[in-house]
Structure formats: C-alpha cells, structure tokens
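Contents: one structure, followed by commentary.
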Amino acid sequence: GQNIDQPTEMTATEGAIVQINCTYQTSGFNGLFWYQQHAGEAPTFLSYNVLDGLEEKGRFSSFLSRSKGYSYLLLKELQMKDSASYLCAAINDYKLSFGAGTTVTVRA
Amino acid sequence: GAGVSQSPSNKVTEKGKDVELRCDPISGHTALYWYRQSLGQGLEFLIYFQGNSAPDKSGLPSDRFSAERTGGSVSTLTIQRTQQEDSAVYLCASSLNEGNTEAFFGQGTRLTVV
C-alpha cells in the first residue's frame, strides 16, 4: 500500500515563500507528482520528480529524496492566485495515489 | 478530444437509484483513473484501467460500484442502489500510458444523493 502525508493547512503573505513538505511510504515507488487544485476545480499538474534533486519551473520548484521518502514543493513570490490546495501524489508502477492535500492561503 | 470530458457535470439522484457517470479520456491515452473526492478531502483512488482491462479494482468501496471501459476509450462508472455517503465529486483522469506520465483530469461529476 501507499501512505502519503502532508500538512493540512499553511498560511503565507503575498510575495513570501512557502514550502510544502510531503513524506511517503510506498512499495515500488516510481515518481512523485505535485498538483494544484483551486476550490471547485479539477487538479492541474505542477511538477514530476523521478530522480533525486530539485526541479525548478518558474516560481515553483519541487524536490525529491528517494532514500528519505521525502519531497517538497516550494512556491516563491507568492501571489493571491496561488491560494489553493496542493496535492502530493506518488506513483507505484501504475497506481497514482494522492495525499489529502495542503490548503495554502495567501494573505495580502 | 482536447481534454478529459466527464458527464454529467452535476447529478442529483434519489437514494436507492442507480447512476452512470461517463468519462471520455484524451484521445490516445491508454491509462484511465477514477477518483472520488468528498468535500474538503483528498482524492480517493477507485479504479485504474490500462486499455480495457482493470488490473486494480481495490479502491472500489463496495460491490455497488463497478466500472468498465470499451474500445480503450470511454469509461463508465456505475453506482447501484446509491446511498447518501456516495455523495462526492467523481474525477476521471487519463495519461498517455501507465507509469510516469502526467495525468490530466476532467472537471468531475458532482453527485448528490438525496
């Protein structure tokens, strides 16, 4: 089975940086996804890590350590539109399993 | 199609009735997933298809739930004798193949059982 943990909520100020941590325990781990989900909308893809290290994509970066079963999503220069739920998901051969999501609230 | 299409977008049904939810994946995507999301909760895995076969049905909550996929394309999730606890958003996602490719989500079907 798969066990994916991430914080429930985080609050940050516009322009700041927030780091969302995710730990996972899974057999046959193949990679780690991050998705963004605005209220009432479908999740949208943000990043995918399969190798250890940092993947940077504009204001968003994602890090993976396979040996530690750990990932984080880093959001820089926060904007109000970044207020959303951020979902960590691990893929095991074929099964894409999601954490419960972290609700990020950006305040002015 | 251009994206994953789900229908209906909203469904209100009476307790005890059967419902069918449809997912039309992106053309050429062989992998298809069904998830359920209750209000304020994460995504609960229901079932996965690779082509027309479902190697993993472990997430289906009960034998009232079934799913099929025909022609390696459209999938239908059927819930028989619906219960109030079935109320949720049912999300479908497809990806190019199994494994390490991005899954694209449809907008979901919001099911309300009254």
Item to check | Principal axes of the protein assembly as shown: Cα extent on each, largest first, Å | outcome: 49, 36, 32
Next on the checklist: Quick check: convex hull of the Cα atoms in the stretch B:1-59, volume per residue, rounded to a whole Å³?
Outcome noted: 122 Å³
Next on the checklist: Output wanted: per-residue J couplings in Hz (rounded whole) for the stretch A:15-26, from phi through Karplus 6.51 cos²θ - 1.76 cosθ + 1.60, θ = phi - 60°, x for Gly and Pro.
Outcome noted: x, 7, 10, 10, 10, 9, 8, 9, 10, 9, 10, 8
Item to check | FRET efficiency for A:ARG66 and B:ASN52, using Cβ-Cβ distance with R0 set to 45 Å, rounded to 0.05 | outcome: 0.85
Item to check | Net charge contributed by nearby residues that have their C-beta within less than 11 Å of B:SER87 (K/R +1, D/E -1) | outcome: +2
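State to the nearest 20 debye the size of the charge dipole of the protein assembly as shown about its Cα centre, where the only charges are +1 on K and R beta carbons and -1 on D and E beta carbons.
Numbers: 18 positive and 22 negative charges, 43 e Å.
That gives the protein assembly as shown a dipole magnitude of about 200 debye.
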Next on the checklist: Around B:ARG22, under 12 Å between beta carbons, what's the net of Lys plus Arg minus Asp minus Glu among the other residues?
Outcome noted: -1
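Let's see if you can work this out: charge +1 on each Lys and Arg Cβ, -1 on each Asp and Glu Cβ, no other charges. What is the dipole magnitude of chain A about its Cα centre, in debye to the nearest 20?
60 debye
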Next on the checklist: Please list, by residue number, every one of the trypsin sites (Lys or Arg not before Pro) in the stretch B:7-114 that is coil in DSSP and has at most 13 other beta-carbon atoms within 10 Å.
Outcome noted: B:LYS15, B:LYS17, B:LYS57, B:ARG81
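Give me Rg/Rg_expected for chain A, where Rg uses Cα atoms only and Rg_expected = 2.2 N^0.38 Å with N residues. Don't skip to the end; give the middle numbers.
Working: Rg = 13.2 Å, N = 108, 2.2 N^0.38 = 13.0 Å.
With N residues counted in chain A, Rg over 2.2 N^0.38 Å equals 1.01.
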Next on the checklist: Checking the a/c ratio against 1.5 first, then a/b against b/c, what shape does the Cα gyration tensor give for the stretch A:1-41?
Outcome noted: prolate
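List, in the order given, every pair from A:LYS68/A:LYS95; A:LYS76/B:LYS57; A:LYS57/B:LYS11 whose Cα-Cα distance in the structure shown is over 30 Å. All intermediate terms of the calculation are to be shown ahead of the outcome.
On the way: A:LYS68/A:LYS95 21 Å; A:LYS76/B:LYS57 39 Å; A:LYS57/B:LYS11 38 Å.
From A:LYS68/A:LYS95; A:LYS76/B:LYS57; A:LYS57/B:LYS11, over 30 Å: A:LYS76/B:LYS57; A:LYS57/B:LYS11.
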Item to check | Dipole magnitude of the stretch B:1-112 about its Cα centre (Cβ charges: Lys, Arg +1; Asp, Glu -1), debye to nearest 20 | outcome: 260 debye
Checklist outcome for this item: In this structure, the FRET efficiency calculated for B:THR78 and B:THR112 from their beta-carbon separation, with R0 = 22 Å, to the nearest 0.05, is 0.85
Checklist entry - Over the stretch B:4-114, with a single point scatterer placed on each C-alpha, what log10 of the ratio I(q)/I(0) does the Debye formula yield at q = 0.10, 0.16, 0.18, 0.23 1/Å? => result -0.25, -0.65, -0.82, -1.32
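Values quoted throughout were computed directly from the atomic coordinates according to the rules given, and no laboratory measurement underlies them. Everything numeric here is computed off the predicted structure, so don't read it as measured data. Note that each Cβ is placed from the backbone with ideal geometry, even for glycine, and that neighbours are counted across all protein chains shown.
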